[in-house]
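Asks: One structure, as structure tokens, below. Some questions next.
The values are calculated or read from the model by the stated rules, or taken from the named source; none is laboratory data. No experiment lies behind these values; they were computed from the predicted model shown. So basically every Cβ, Gly included, is an ideal-geometry build from the backbone, and we count neighbours across all protein chains shown. Only protein heavy atoms, including side chains, enter the accessible area calculation; ligands, DNA and RNA are left aside. Shrake-Rupley method; radii C 1.70, N 1.55, O 1.52, S 1.80 Å.
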Amino acid sequence: MSILYDLHSHSTASDGTLSPTALVERARAQGVDVLALTDHDVTDGLDEARRAAREAGLRLINGVEISVTWHGVTVHIVGLGFDPADVRLQAGLARLREFRAWRGEEIARRLEKKGISGALAGAQAFSNGQILSRTHFARFLVEQGHAKDMRKVFGKFLTHNRPGHVPGEWAALAEAVDWIRGAGGQAVIAHPARYRLSATRLRALIEDFMDCGGEVLEVVSGSHSAGDVQGMARYARRYGLLASQGSDYHGPEQSWLALGRMPPMPAGCTPVWTSWDNEQRASA
Ligand code: AMP
Ligand code: MN
Ligand code: MN
Ligand code: MN
């Protein structure tokens, strides 16, 4: 029997809509054997997820998805298998959450100028308080009828040159990779095809990432097309990067996405979990 891995998912600890327990139970029901909970800039869901995983008979991998600014582009770096108690990692994530809180106030001020009031409290009502995400603003704006659905609302309000877009600096690439590796984890470039970088820029990102000690490329992602998966597989092979896979599940509202449902890992890639098996053998 092959083992089903889903190494990218979100809970209510960040911008997902399922609690860590409900997420784990749903993953198990979908046949996932190994799940990473990778909330944005926060690890508070991991304790609950670990308890639920023990109950459900599923292996939980500690995860996080760190927001990074790389040459003006927002890039997401997933961390896998780190120690969540690591002080430097937690201090770094706390700094990003502070930026999120300030940015949330700024988004609300800008929306207010466009005649949309109450956005801060409205977005906060969709958040459990650990982090404030654009997703929470999006849900508020859709609820208030300012946009038809979650796809439309980002294009209308929350992306570049839109009223609710706030520029700012997340972590540096080297910082994010250091925090993860310093805590004993592996760093992953999340959904690399989603940044719409030119081939030259994507190579530069990968090379910078590897110079910092990054080892893994998320080849298979719920937000990659079949062509993206093949393209990212070529980069992983060419650079000798380990390959990860994850749905990037945020909840059942994303009807086009399901936990554990992804295209197969392309041939010739070395899945990230083979490095874990080696570790286990080494320590056995
Ligand atoms: P933030 O990290 O707060 O800036 O929010 C980014 C999150 O918003 C991502 O993790 C996605 O969950 C969501 N998101 C970003 N762009 C879109 C989009 N075009 N449509 C739907 N969700 C999006
Ligand atoms: Mn998200
Ligand atoms: Mn992401
Ligand atoms: Mn994600």
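Asks: Treating the Cα atoms of segment 114-168 as identical point scatterers in vacuum, please give the log10 of the normalised Debye intensity I(q)/I(0) at q = 0.24 Å⁻¹, two decimals.
Replies: Ignoring solvent entirely, the Cα scatterers give -0.95.
Asks: Output the 0 to 90 degree angle, nearest 10, between the alpha-carbon long axis of helix 272-283 and the longest principal axis computed from the alpha carbons of the chain.
Replies: Long axis of 272-283 versus the principal axis of the chain: about 50 degrees.
Asks: Grab the Cα-Cα distance for Asp47 and Arg151, subtract it from 0.36 nm times how many residues apart they are, and report the gain in nm with one decimal. Numbers along the way, then the final one.
Replies: On the way: separation 104, 0.36 × 104 = 37.44 nm, distance 3.13 nm.
The span from Asp47 to Arg151 would gain 34.3 nm if fully extended.
Asks: Oh, and also: Pop a pseudo-label 7 angstrom from the Cα along the beta-carbon direction at both Ser198 and Arg234 and give the gap in nm to one decimal.
Replies: Once both label points are built, they end up 1.7 nm from each other.
Asks: Round to a whole angstrom and tell me the spacing of the C-alpha centers of segment 202-230 and segment 1-47.
Replies: 21
Asks: I would also like to ask the following. Pop out the carbon and sulfur fraction of the accessible area of the chain as a percent, whole number, probe 1.4 Å.
Replies: 49
Asks: When 1/r is averaged over all different Cα pairs and the result inverted, which Kirkwood radius in Å belongs to segment 1-110? Don't jump to the answer; show the numbers that get you there.
Replies: Details: mean 1/r = 0.0679 Å⁻¹.
Final number for the Kirkwood radius of segment 1-110 is 14.7 Å.
Asks: Hey, could you grab the Kirkwood Rh for segment 19-66? Inverse mean 1/r over distinct alpha carbon pairs, Å, one decimal.
Replies: Details: mean 1/r = 0.0969 Å⁻¹.
Computed over Cα pairs of segment 19-66, the Kirkwood hydrodynamic radius comes out at 10.3 Å.
Asks: Continuing with the same structure: Take the chain, connect every pair of alpha-carbon atoms lying under 10 Å apart with a spring to form a Gaussian network, then pick out the residue of Thr17, Thr159, Thr135 with the largest mean-square fluctuation.
Replies: Thr159
Asks: With r as the distance between the Cβ atoms of Trp276 and Glu143 and R0 = 25 Å, compute the FRET efficiency 1/(1 + (r/R0)^6) and round to 0.05. Before the final figure, lay out each step's value.
Replies: Values: r = 41 Å, r/R0 = 1.65.
After rounding to 0.05, the efficiency reads 0.05.
Asks: Further, regarding this structure: Could you size up the charge dipole of segment 94-158 around its Cα centre, putting +1 on the beta carbon of Lys and Arg and -1 on that of Asp and Glu, and report it in debye to the nearest 20? Display every interim value, and only then the final one.
Replies: On the way: 14 positive and 6 negative charges, 55 e Å.
Dipole magnitude for segment 94-158 comes out near 260 debye.
Asks: Given C-alpha coordinates of the chain, what is the ratio Rg to Rh with the Kirkwood estimate of Rh?
Replies: On the way: Rg = 18.3 Å, Rh = 19.2 Å.
When Rh is taken as the Kirkwood radius, the ratio is 0.95.
Asks: Give a quick list of chymotrypsin sites (Phe, Trp or Tyr not before Pro) in segment 205-284 that DSSP marks as loop, anything other than H, G, I, E or B, with at most 15 other Cβ atoms within 10 Å. Display every interim value, and only then the final one.
Replies: Working: sites: Phe209, Tyr235, Tyr239, Tyr249, Trp256, Trp273, Trp276; in loops: Trp256.
Here the sparse-neighbourhood loop sites are Trp256.
Asks: Charges only on Cβ, +1 for Lys and Arg, -1 for Asp and Glu: so what's the dipole of the chain about the Cα centre, in debye to the nearest 20? If you can, show how the numbers build up before the last one.
Replies: Values: 32 positive and 32 negative charges, 203 e Å.
Its charge dipole is roughly 980 debye.
Asks: Quote to one decimal, in nm, the extra length available between Asp83 and Trp102 on full extension: 0.36 nm per residue of separation minus the C-alpha distance between them.
Replies: 4.1 nm
Asks: If Ser221, Ser117 are ordered by their accessible area, calculated over protein heavy atoms with a 1.4 Å probe, which sequence runs from highest to lowest?
Replies: Details: Ser221 0, Ser117 75 Å².
These residues rank, largest area first, as Ser117, Ser221.
Asks: So what is the relative contact order of the chain, in percent, for Cα pairs below 8 Å that sit 6 or more residues apart? Each step should come with its number before you reach the end.
Replies: On the way: 542 pairs, mean separation 56.9, N = 284.
For the chain, the relative contact order is 20 percent.
Asks: Can you tell me the length gained on complete extension of the stretch Val73 to Gln254, counting 0.36 nm per residue apart and subtracting the Cα distance?
Replies: Working: separation 181, 0.36 × 181 = 65.16 nm, distance 2.51 nm.
Roughly 62.7 nm would be gained on extension.
Asks: A further question on this structure: If you restrict to DSSP beta bridges whose two residues both lie in the chain, what percentage is antiparallel, to the nearest 5? Working shown, then result.
Replies: Values: 12 of 29 bridges.
Given both bridge residues lie in the chain, the antiparallel proportion sits at roughly 40 percent.
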